[in-house]
Amino acid sequence: MSNSFRPFRSAAVLGAGTMGSQIAAHLANAGLHVHLLDIAPKDGGNKNAIVEKGLKAAMRLKPDPFFSKRIIDRITVGNFDEHFDRIADVDWVIEVVIERLDIKKSLLARVDATVGQGTVISSNTSGLPIALIAEDCSDSFKSRFLGTHFFNPPRYLKLFEVIPTEHTHPDVLSRVTDFARLHLGKGTVIAKDRPYFIGNRIGIYGILSAMRQFTDGTFSIEEIDTLTGPLTGRPKSATFRTADVVGLDVMHHVISNLHDAVPEDESVDKFAVPDVLNRLVSEGKLGAKTRAGFYRKEGKEILSVDPVSLEYTSAAPVNLPDLDDIRSAGDLDARLRALWANEGRAGQFFRETTLDLLAYSARRIPEITDRPSDIDKAIRWGFGWRKGPFELWDTIGFESVLSDMQKQSIELPDWILEMQSGDQSFYRDADGATLSFVPYLSDFEIDEQHADEIDLASILTNQKKELWSNGESALIDIDDDVVLFEFRSKANSLGQEVMAGINEAIDKIENDPDIRGMVIGNQGTNFSVGANLGEAAMAVAMGQLEMVEQYVGQFQATIQRIRYAEKPVVVCGHQRILGGGCEMVMACPNPVLAAESYIGLVELGVGLIPAGSGTMRLAARAAEQSPNRYDSEIQSFLMKYFEAVAMAKVATSATEAGEMGFIDDRTEVVMNEARRFHVAKQRVAYLSEKGYLPPPVKNSIRVLGKAAAAAMIAGATQFKWGNYISDYDLHLATKLAHVMSGGELTGPSDVHEDYLLELEREAFMSLLTEEKTMERIQHILTTNKPLRN
């Protein structure tokens, strides 16, 4: 990133449909003031009716496009008739109106006549040529114009395709790509101005390839979704569930338009809309939004559609006899190779669809991009695959795939055949850097890697970087005299070995004068799902309650040590941060979180209360947030925090976590998850440079006594009367209220944090002996779903 990078502070989104309103929402998430404009209704009346309807629709969407409902205030709505002049001074205008060239050209002519000379303009089209949209505009406009393709939903999907024209100034291109990466959390790919660019061109082809196996009668819907889901490194929604979620009408529209847009494509016939999709759409069976598509739920049973009758039938047993062996083959790479070698139906499906997709991807170079790595990034970031086509090809083996393609006379471009006599891979490692093959160079180049996107796997290619390890964690040198404690346990749970590792790591940094401080984090799917319940359940079953109590005490002490370490310890979280993971973040004086962090104290869902300092921390926070330390003010905050824990609420973003009290203003929130370790490392260095002093011990926490507990219990009782919680939930809430109010104290008092920690332990241990708590723990361990008993 250039030091001259200029961020956008304001934007105008023209078009308040499904995409426009969500793009506006995410720009607002990033802190911009956004003008959301659309046409005025032809029938008069409220001229903002259309734009207001679009914004309200976005507010109802799940998952939520907004980090917090408060962010909606950053959006100002208006209409093209009365408020078009508002765009004159904004930094970025994004056009997101209907996919008609004449309408887009007419609108951009108005934009050209209105905006200032410093405004960047982009179109979010996915099917129209970018150059044609702006061909009638001024030269100055053209130099500041480009295509920017957000994937839906814009907040959650990382892919951001940027399509410059021959007139786009390089500084404009850099400004947009840098801003998208830093402030929108995107992975940017530069695409050529070809129909549907990279992601949809390849991704839709892959979806249709899988669907043909169903429409040909070779495989069932359930079998295909089994083989195109997590087993092969793809999302749980796989093929047909994804189509239902996206909307079959949307899928139909995209496929139909794509087919018409690429008549010169040698595989154009494979973009024909499947007959079953045509019929489902014509009958109004559009997927999740109509509760019927490829799937339909009746009661607790999920039925699937018959491609001939369109009737919904119970799922037949999956006829994939080797599936268990494939699943147990090992990690993703091992499973993919096992599938490729499998001679049964699973291997047949995998080989046929994979050969088809990989060959098509190769044939699209250089039409849609010059680099195979761009196709891989687009599919990973836009469709949620863990490996893109060429990464998949490397995993299986270049020669093995090519040999099977040649046996089937599959058409291939010359550059692939030339690789046969030379470089037989698309990627290679060199001193920790990834090199990717570029066909027009017939050579490798360093794949674009940003210095602020720290990858632990790349660091660990240098074995000297791992300074210490035990079975579930390691201490890694991430340069600049900063180390990172990585825990690698199953689901990144916080078991005894992980917590012992944290203590040992803190010992090391405190006693090594050459280490500034430490980051705690990992690159797992989630930061942590909490404490290791399996360890606790086994110990209780064996009657080892004293050992469990000792462990709970050690857990608390470790969390406290993170807070009071002599050198800065920065907890660096992402995605799900639950239970003990949340307590670790709450205890850290200077945490760094990815914006997409889903944080909560969910222990009541398994029949326990937070006992890793979380309950104490919320009680302390309630007292601290009271402006005047009035008991009534403290009670108000206490009730808010009590309800969040009692209902096991989880924040849907780091922003909302702040509003719920799980983090405070000292938390650094990073929009791009890949940058979190870099920001955390810089934070350690800054704290060290200024002279680090740990926070003071909380020796005077104002608690309110039994009257406050009674108020909290009364609130929980109302939830019980409304059948929102069970009798046992009320019992758990009573235990929680007891701790948060200060236990047996009859009135307001100031207590030491250790007093509340002891109350946490006592409540936790008493609940571990209760049958219903053990039922909840066993249920979550065996089904991964909470039990309400």
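What the table below lists for this structure:
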| item | result |
| --- | --- |
| F5-I446 pseudo-label distance in nm [points 7 Å out on the Cα-to-Cβ vector] | 1.7 nm |
| Calculated diffusion of the range 140-193, Stokes-Einstein form, Kirkwood radius summed over Cα pairs, 10 °C and 1.306 mPa s, µm²/s | 141 µm²/s |
| Amide proton proximity set for G147, modelled H, under 5 Å, gap of 5+ | S123, I163, T165 |
| Burial order of peptide ranges 426-433, 725-732, 481-488 (average beta-carbon count within 10 Å, highest first) | 481-488, 725-732, 426-433 |
| Calculated from backbone phi, Karplus (6.51, -1.76, 1.60) coupling profile of the range 720-737 in Hz, x at Gly/Pro | 5, 4, x, 6, 7, 9, 8, 4, 6, 4, 5, 4, 5, 5, 5, 4, 5, 4 |
| Percent carbon-and-sulfur accessible area, the chain, ignoring ligands, DNA and RNA, probe 1.4 Å | 50 percent |
| For the range 51-61, Karplus couplings with θ = phi - 60° (6.51, -1.76, 1.60), whole Hz, Gly/Pro x | 5, 5, 5, x, 5, 5, 4, 5, 5, 8, 5 |
| Chymotrypsin sites (Phe, Trp or Tyr not before Pro) lying in DSSP loop within the range 571-664, provided at most 12 other Cβ fall within 10 Å | Y630 |
| Net charge of neighbours whose Cβ lies under 10 Å from the Cβ of R175, counting Lys and Arg as +1 and Asp and Glu as -1 | -1 |
| Under 17 Å from the Cα of K690 - lysines, other chains or at least 8 residues apart | K567, K681 |
| Cα-based equivalent ellipsoid, the range 1-94: semi-axes from gyration tensor eigenvalues, Å | 23, 17, 9 |
| Amide hydrogen neighbours beyond the local backbone of L467, cut-off 5 Å, H modeled | L475, I476, D477 |
| Kirkwood hydrodynamic radius of the range 348-469, Cα pairs, Å | 15.7 Å |
| Estimated translational D of the range 422-566 in µm²/s (Stokes, Kirkwood radius over Cα pairs; 4 °C; 1.567 mPa s) | 73 µm²/s |
| DSSP-defined antiparallel bridges as percent of all bridges, the chain, nearest 5 | 40 percent |
| Value of relative contact order over the range 483-615, rounded to a whole percent, pairs C-alpha under 8 Å and six or more apart | 25 percent |
| Mean residue ellipticity (222 nm) of the chain, computed from DSSP H runs ≥ 4 via -39,500 (n - 2.57), nearest 500 | -13500 deg cm²/dmol |
| Net charge, P235 excluded, C-beta distance under 10 Å - Lys, Arg +1, Asp, Glu -1 | +4 |
| Estimated Rh, the range 82-132: Kirkwood, alpha-carbon pairs, angstrom | 11.5 Å |
| Local electrostatic count at T782 - Lys and Arg +1, Asp and Glu -1, tallied over other residues with Cβ under 13 Å | +1 |
| Residue-span extension gain [I410 to R70] - 0.36 nm each, minus C-alpha spacing | 117.0 nm |
| Accessible-area order (highest first, 1.4 angstrom probe) of the listed residues M542, M660 | M542, M660 |
| Relative contact order (%) - criterion: Cα under 8 Å, at least six apart; region: the range 302-353 | 24 percent |
| C-alpha long axis of helix 345-363 to longest principal axis of the chain, angle in ° | 60 degrees |
| Relative contact order (%) - the chain, alpha-carbon pairs under 8 angstrom, separation at least six | 8 percent |
| Chymotrypsin sites (Phe, Trp or Tyr not before Pro) lying in DSSP loop within the range 106-169, provided at most 11 other Cβ fall within 10 Å | none |
| Furthest towards positive pole of dipole, Q420, T525, L494, structure part the range 396-527, Cβ charges | L494 |
| C-alpha center-to-center spacing [the range 96-166, the range 601-627] in angstrom | 48 Å |
| Among 199-206, 446-453, the order from most to least packed when residues are scored by Cβ within 10 Å on average | 199-206, 446-453 |
| Note, ³J(HN,Hα) from phi for the range 262-269, Karplus 6.51, -1.76, 1.60, rounded to Hz, x at Gly and Pro | 10, x, 7, 5, 5, 10, 4, 5 |
| Amide hydrogen neighbours beyond the local backbone of R702, cut-off 5 Å, H modeled | V751 |
| Where Rh is the Kirkwood radius over Cα pairs, Rg/Rh for the range 57-216 | 0.99 |
| Unit charges at the beta carbon, dipole of the chain: most positive-side option, T461, F398, Q575 | Q575 |
| Å² per residue, accessible surface of the chain at 1.4 Å | 42 Å² |
| Relative counts (whole %) of C-alpha pair distances in the chain, using bins that are 10 Å wide | 2, 12, 20, 23, 22, 14, 6, 1, 0 |
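The values are calculated or read from the model by the stated rules, or taken from the named source; none is laboratory data. Computed from a predicted model, the values in this text were never measured in an experiment. Backbone-built Cβ (ideal geometry, glycine too); neighbour counts: all protein chains shown. The accessibility values were calculated without ligands, DNA or RNA, using every heavy atom of the protein model including side chains. Shrake-Rupley method; radii C 1.70, N 1.55, O 1.52, S 1.80 Å.
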